[in-house]
1. If only one of C:Ala124, C:Ala146 is away from chain D (no Cβ under 12 Å), modelled with pLDDT under 95 and more than 18 Å from B:Ile90 (Cα to Cα), which one is it?
2. Looking at the range A:127-143, which of its residues are more than 10 Å from every other protein chain (Cβ to nearest Cβ) and surrounded by fewer than 18 Cβ atoms within 10 Å (Cβ to Cβ)?
3. Residues D:Ala26, D:Ala8: which one is out of contact with any Leu (no Cβ under 7 Å at 6 or more places or on another chain) and more than 19 Å from C:Gly62 (Cβ to Cβ)?
4. Which of (1) modelled with pLDDT under 95; (2) part of a strand (DSSP E or B) does D:His139 not meet, given it meets every other one?
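The values are calculated or read from the model by the stated rules, or taken from the named source; none is laboratory data. As the structure is a prediction and not an experimental result, all values here were calculated from the model. Don't worry about glycine lacking a Cβ; one is built from the backbone with ideal geometry, like all the others, and counts go over all protein chains shown.
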Protein chains: 4
Amino acid sequence: MHETLIIAAQQRAEARAARMLAADAATIGLGMRVQAIAPGAATLCMTITGAMVNGHGTCHGGFIFALADSAFAFACNSHGADAVAAHCAITYLAPARMGDVLEARATELERFGRNGMYDVVVTAEAQGVRRTIAQFRGHSRVIGAAQDEAGGASA
Amino acid sequence: MHETLIIAAQQRAEARAARMLAADAATIGLGMRVQAIAPGAATLCMTITGAMVNGHGTCHGGFIFALADSAFAFACNSHGADAVAAHCAITYLAPARMGDVLEARATELERFGRNGMYDVVVTAEAQGVRRTIAQFRGHSRVIGAAQDEAGGASA
Amino acid sequence: MHETLIIAAQQRAEARAARMLAADAATIGLGMRVQAIAPGAATLCMTITGAMVNGHGTCHGGFIFALADSAFAFACNSHGADAVAAHCAITYLAPARMGDVLEARATELERFGRNGMYDVVVTAEAQGVRRTIAQFRGHSRVIGAAQDEAGGASA
Amino acid sequence: MHETLIIAAQQRAEARAARMLAADAATIGLGMRVQAIAPGAATLCMTITGAMVNGHGTCHGGFIFALADSAFAFACNSHGADAVAAHCAITYLAPARMGDVLEARATELERFGRNGMYDVVVTAEAQGVRRTIAQFRGHSRVIGAAQDEAGGASA
């Protein structure tokens, strides 16, 4: 891609993320921070609080999912068009505990028509060691008029 | 099953749910209520608050997932043994909004060895109409010593 | 639904299945038989041959999937409009062996806009005992002009 | 990893693949060729024949899945221990047609305890252009005594 287009795509992704975050009480309320944003990609962090712990003494899977889902949402909306989650799958590899800092790194796997696929890896750092907590795969769909730079998606 | 065994299984499921709920800050903190519990089944409710709304003005998918995941957890732990989520998939059918009362109804599809499969239907009632919001399928796995009534699972 | 409409829907499903089957070299070539068909539902059978066995001495997962996928295809096309598989997930519960007669029973879980969700249970009968072999969940999407009886789907 | 160990791992993967293939009537019968094998990875090819075409005039999803599933099987068995598919998900991106040469490239995403996760990309080359046909994610599980080089897996 021409350098000017790359810069424009990056600026659009950043502006879009700022707009989304400002309106997203859920993401802010859970203490998520946007670490990085790029066209098709997003990295978010969240510290596990006492309110996120379940009956097994570990982070409730719903909060791990929510972090991955937010990273996915920022990534699939980064191209400009409104995209929503259609289907998501998550595999839990290891438990996370209170105080752990979770990081969710979303990358774009595919875009076809109005559809997108994104992989999100959730890791936790504790005592200087980073472990994989969950692997997430999300399918997105552009809604409304698809006026993104990819042209008239219609699948 | 003999009636005495049925009653025992129901009592175990209820006692287990009460114990789980007492220790589960996440489920309580999100305002979830356990509506019904039975061996292999659980129904939970949650009202969507302003803190659960995302940038699209609709309930963040993470909270819908969290409700389904909690119903799944209560169902797969209802037999006595400690079970955790291994893999979950969710399909979003319609958005939910602030004030909607979500209901997640978990039922047991399969149990084989230490594994279980549970389907959860999430519905919302607004203005007297109930719509399906999401379909969730969870895979659980019994951890530790599997001393449940099904005998020595070891798959 | 009015009885006349029910009969019309059943006739459409049967005519559609006959048309699909006549054109479907894959389904016929694998020896699948359509046992039952109805609006949103289909049951197919297949005997596991020596050509379907893998290195573990059990039926290759691809053939179990293919049977479930065909049952799903007959079910999601039973309403008249052309529908294709978008996303499928399968969980294997038990192995199947040469000579086992597999049955895949597809039922409709949801239809929303152009999308559909179908659950398929694959069972095997051997020595008079029927076991569950796999649980399959398929997501379909209507392609082309959606002139089915559900009206103008456009999601 | 020490070079000697790398060579040993590669030799084990190749020997394992040769043994699996020799016993796998299904993979051979479908005309699959093993293009490449390495610890945790496998690439298989298959030409779509007239017997694989469904009622839509395109390759039956079951055969696309079967190719991906075989690549997944070769990859997850490459470490020496017997591993079987537990859960697989596939997303179809574009149709494939008779005469297309499909390639399935499996790579290892995670190994934890007896569990593994593998991503498989299925592409088709026709008229010199390679397109992605499907994205597959498989979960494997080691069965029997887990005497692989990773040590005593027991999750």
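1. Details: C:Ala124 fails: modelled with pLDDT under 95.
Being away from chain D (no Cβ under 12 Å), modelled with pLDDT under 95 and more than 18 Å from B:Ile90 (Cα to Cα) holds for just one of C:Ala124, C:Ala146, which is C:Ala146.
2. Within the range A:127-143, A:Gln127, A:Gly128, A:Val129, A:Arg130 meet the criteria.
3. On inspection, the qualifying residue turns out to be D:Ala8.
4. (1) is the only condition that D:His139 fails.
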